1. What's the number of the condition residue 48 fails, among (1) farther than 23 Å from residue 117 by Cα; (2) modelled with pLDDT of 95 or more?
2. What residue, of 17, 89, is surrounded by fewer than 19 Cβ atoms within 10 Å (Cβ to Cβ), within 16 Å of ligand 2 (Cβ to nearest atom) and either modelled with pLDDT of 95 or more or over 24 Å from residue 140 (Cβ atoms) (or both)?
3. When you check residue 266 against the structure, is it surrounded by fewer than 20 Cβ atoms within 10 Å (Cβ to Cβ), out of contact with any helix residue (DSSP H, G or I) (no Cβ under 7 Å at 6 or more places or on another chain), modelled with pLDDT under 95 and outside the structural domain of residue 138 (by TED's automatic domain parsing), yes or no?
4. Please go through the stretch 192-206 and pick out each residue that is within 13 Å of ligand 1 (Cβ to nearest atom) and assigned to a loop (DSSP other than H, G, I, E, B).
5. Name the residues in the stretch 20-56 that are over 30 Å from residue 295 (Cα atoms) and either within 16 Å of ligand 2 (Cβ to nearest atom) or part of a strand (DSSP E or B) (or both), would you?
6. Hand me the list of strands (runs of 3 or more DSSP E) wholly inside the stretch 72-182 holding 2 or more residues that are more than 27 Å from residue 232 (Cβ to Cβ).
7. Return the total of residues in the stretch 209-237 being assigned to a loop (DSSP other than H, G, I, E, B), in contact with a strand residue (DSSP E or B) (Cβ under 7 Å, 6 or more places away or on another chain) and either within 12 Å of ligand 1 (Cβ to nearest atom) or free of Cβ contacts under 8 Å to residues at least 60 places away in the same chain (or both).
Ligand code: UD1
Ligand code: CA
């Protein structure tokens, strides 16, 4: 039997944030979600989350993940105190308890798997993850012999000068034999610089404590302040970019681009500089995105180009050109072969295949057929001050420059709207509609004016 407990009750004072530390986002997922995911291969029987600071908020955010037991730690008197709160919940539980600090988000699943495996193979009471760090400042120091047997962990602030020179650090990831741990938990004391109950002190009380040193020290980065948050973000972004490069994506200037975990890219996608993907995005083969674009929760087909544009919660078909300087807003659905040009905004509208909106337009709450040519400056006037209304334009129709289509309105197929028109009545298939004042020209007017 395996239970996983994540320590997520701390405030994260050093972050200086209104947000609890474990809810800070990193490449589109919170720290605690990432920590939980690192134990994802193990299929634990129980998953416990120790909450305290802003407990309700943390619970609300994580409840949708399902299968979590929330255990309250109030007040928060240290990591040992946090694990003591599990005693009633784990009454009668037999097996391993994997304890994960909630602020160690870069752990790989394979590393956590290896920790549990080694623990089971050695029959230790506890096995903890360690790393040799060039700069171990702030981390607990692990004192161990050449066989990997640990005698104690001493927090940075409690170390003597000599002890500080030990750079073997505690990652905050432990696999305990629960029965053995439960026996020593009540014996913890607050005899340390912070006056807290330290989980790390249990290690010296257990007969057989072992450690597993990670090969890649970056994995065990703990986040206590915004500098460390930024470092972890940079590492995670690099991991994501390397993953997609290995899958056939070109980054012209990798470090200037950011991705989220929920992105999927096809082969030969080119990501130009200063381009950012957030949330869940899919980009098809041979598309070229950027430079200077933001794509969020969007799907982009194959062979698409997006230049200096913002695309949010929108769908783009294949062989489409977007931008420069276009804004696709939620529920913009752009068909194959469309062209959305400069300074064009599209919201909650379907555009049929081959339709072009090339310059300076707003298309909102509209349905455009195939091969519609929307003239420069055409606006769908969709809002009457109270409600939104729909505009429908049939296939092969054209609107002249600077047309206003006052919704609700239906324009048929093969219809033409004269330039500068304000259209308030439906237009039949094949008709020409002009809705503007007739031009008046007074010859010789300048001379007469004197
Ligand atoms: C801890 C370890 C240190 C290790 C480091 C690794 C202890 C005493 N020290 O130090 O040896 O090198 O992690 O990153 O454990 N938390 C609670 N309740 C509390 C206090 C903390 O749930 O009362 C949670 C926090 O939310 C956080 C985690 O425990 O997720 C670690 O707490 P933190 O204060 O960051 O410990 P460190 O000082 O980093
Ligand atoms: Ca920490």
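1. Of the numbered conditions (1) farther than 23 Å from residue 117 by Cα; (2) modelled with pLDDT of 95 or more, the odd one out for residue 48 is (1).
2. Just a single option satisfies the conditions, and that option is 17.
3. Taking the combined requirement at face value, the residue does not satisfy it.
4. 192, 193, 194, 195, 196, 197, 198
5. Within the stretch 20-56, 46, 47, 48, 49, 50, 51, 52, 53 meet the criteria.
6. Strands (runs of 3 or more DSSP E) meeting the threshold: 150-154.
7. The total comes to 1.
The values are calculated or read from the model by the stated rules, or taken from the named source; none is laboratory data. These numbers come from a predicted model, not from an experiment. Positions of Cβ are generated from backbone atoms using ideal geometry, with glycine treated the same way; all protein chains shown enter the neighbour counts.
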